[in-house]
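Written below as structure tokens is the structure these notes are about.
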Amino acid sequence: MENKRITIEKLVYGGYGLGHSENKAVFVPYSAPGDELSIELTSSRQGVQWARIQEIIRPSPLRCEPFCPRFGQSGGCQLQHIPYSEQLKHKGKVIAEAFQNVAGFNEDKLLPCIPSPAQTGYRRRVRLHWRQKGGLGFYHSESHDVVPIDHCPLLSPELNQTLSDLSSALVHNSPTDLSEIQIVQGSDEAVCLTLFMPITQFSEAWANKIKDKIDVKGISLKEGEREKILYGKGFVDYRVKNWKLRTGNSSFFQANLELLPDMLDHIMGSIEIQDIDHALELYAGVGLFSLPLAKKVRRLITIEGNRQAAEHALFNSKANKINNIAVKQIEVQLGLDLLISRQAKFDLVLLDPPREGLTPGIIARLQSFAPWQIIYISCNPATCARDVKNIVSNGQYELGSIQPLDMFPHTSQVEAVCSLMRKNR
């Protein structure tokens, strides 16, 4: 295919550089604003083109040297070639553009991105792919081929040691039908594994061999919603500020433990209501936000669909001597219907939905409570902007602030905390 020459104008969501060729938008991974490039087009759909760099004719002054030899191959990172201060600016702009384009909000609501205290060695959780012919690693940036790794600069030293030992062990002896492995590390430095594969096809003899070769405190199997503990612990313990949190080996928990104190401080500091009687938390997980929130309210109801996460949320509230939280293990929309049938009222609602955001039905139910404040935590700027637009569409709410947080330095991912206030307060 014929090469084209292009100048990169800016970075957009996903870490792609945006340029134009023959009046068509072209997205180029691993490029930087100001790069003059020779590119090869790789795909085109709906008037938009994607390309890969063939030659950097004139590099952008923003470019820096990536620190990982797998950068550009592994799909784990997108921004190592950009200085960290510029990454923070880019992530703020991504959120600003999402809210301008999708929701029509002005930039004056946007606060500067909160940086991660550590830019490398910060990850305490990682999920890796396994292929008999490809090894253990991340997907390639352009395919589902596995790029094998035995060290990642973003992982903690303990996770890297486990990754190295595990990669060597799997080469000589791997279970049939193993597809993925999650490695997690608690605040006590204990490391646990979860193997994603059919439970009935697993040999416990393999677990006995592997635990003698690598230093892990627990090994679990997971197949869909089924989970089986093979050895040791099925959980890890974290400490965030003064809060003790237990979570399952395969449950969701934020990977960057060092940023969480700043995140909690901002969320709790953004609560503008005084004398909160009843509060509601949706998609509450194991209670990371529930515990400090409970100290600010008389009564907190949390809703979480995942059974294991809800059980750990209940355990965590007891372990931290918090007795004003009612943990409900139920799907969010069903839980909201139950609360509406009981004519429940809430002064504050906090929610942290998955990447796909909220359904129109959940937004309608949320609006029916008419809380004084809604705090929306998101890892997807596009769905966050869409949902905020829909929440304020009935004229009842206004957007107060948007706070970006860099949970994953050197990647295109960015978190945001949005505060919405009821107008007639």
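The values are calculated or read from the model by the stated rules, or taken from the named source; none is laboratory data. Small disclaimer: the values here were computed from a predicted structure and weren't measured. Cβ atoms come from the backbone with ideal geometry, glycine included; neighbour counts cover every protein chain shown.
Do you know which of the residues in the range 40-70 that are among the small types (G, A, S) and out of contact with any strand residue (DSSP E or B) (no Cβ under 7 Å at 6 or more places or on another chain) is nearest to I82 (Cα to Cα)? Write out each step before concluding.
As a first pass, look at the range 40-70 and keep what is among the small types (G, A, S): 43-44, 47, 51, 60.
After this cut, where a residue has to be out of contact with any strand residue (DSSP E or B) (no Cβ under 7 Å at 6 or more places or on another chain) as well, the list is 44, 60.
Details: S44: 26, S60: 10 Å.
So the residue we want is S60.
Of the numbered conditions (1) hydroxyl-bearing (S, T, Y); (2) farther than 24 Å from F253 by Cβ; (3) surrounded by 20 or more Cβ atoms within 10 Å (Cβ to Cβ), Y376 fails exactly one; give the number of that condition.
The one condition Y376 does not meet is (2).
Any residue in the range 84-91 that is modelled with pLDDT under 95 and loosely packed, with under 15 Cβ neighbours inside 10 Å? Talk me through it step by step, then tell me what you get.
Going residue by residue through the range 84-91, those that are modelled with pLDDT under 95 are none.
No - not one qualifying residue is present in the range 84-91.
Checking the conditions here, which among Q396, Q333 is in the same structural domain as E107 (by TED's automatic domain parsing) and modelled with pLDDT under 95? Walk me through it before giving the result.
Details: Q333 fails: modelled with pLDDT under 95.
It is Q396.
Yes or no: the range 380-396 includes at least one residue that is assigned to a helix (DSSP H, G or I), charged (D, E, K, R) and touching a residue at least 40 places away in the same chain (Cβ under 8 Å). Give the derivation first.
Taking the range 380-396 as the starting set, the residues that turn out to be assigned to a helix (DSSP H, G or I) are 381-392.
In the following step, the residues that additionally are charged (D, E, K, R) were identified as 386-387, 389.
Still in the running and touching a residue at least 40 places away in the same chain (Cβ under 8 Å): 386, 389.
Yes: one or more hits.
Among the residues of the range 138-146, are any at positive phi and either assigned by TED's automatic domain parsing to the domain that holds L221 or among the aromatic types (F, W, Y) (or both)? So that I can check it myself, show each step before the final result.
Going through the range 138-146, the residues at positive phi turn out to be none.
For the range 138-146, residues at positive phi and either assigned by TED's automatic domain parsing to the domain that holds L221 or among the aromatic types (F, W, Y) (or both): absent.
Condition first: closer than 25 Å to I53 by Cα and small (G, A, S). Now tell me which residues in the range 132-159 satisfy that.
As a first pass, look at the range 132-159 and keep what is closer than 25 Å to I53 by Cα: 134, 137-149, 152-154.
If the condition is that a residue be closer than 25 Å to I53 by Cα and small (G, A, S), then G134, G137, S141, S143 are the ones that fit.
Only one of L163, L170 is aliphatic (A, V, I, L, M), out of contact with any helix residue (DSSP H, G or I) (no Cβ under 8 Å at 6 or more places or on another chain), assigned to a helix (DSSP H, G or I) and under 19 Å from S74 (Cα atoms). Can you tell me which? First the steps, then the outcome.
Numbers: L170 fails: under 19 Å from S74 (Cα atoms).
Result: L163 is the single residue among L163, L170 that is aliphatic (A, V, I, L, M), out of contact with any helix residue (DSSP H, G or I) (no Cβ under 8 Å at 6 or more places or on another chain), assigned to a helix (DSSP H, G or I) and under 19 Å from S74 (Cα atoms).
Given the options F202, F252, F235, name the one that is buried (at least 19 other Cβ atoms within 10 Å of the Cβ), aromatic (F, W, Y), under 27 Å from N320 (Cβ atoms) and modelled with pLDDT under 95. It would help to see each step written out before you state the result.
Values: F202 fails: under 27 Å from N320 (Cβ atoms); F252 fails: buried (at least 19 other Cβ atoms within 10 Å of the Cβ).
Of F202, F252, F235, the one residue that is buried (at least 19 other Cβ atoms within 10 Å of the Cβ), aromatic (F, W, Y), under 27 Å from N320 (Cβ atoms) and modelled with pLDDT under 95 is F235.
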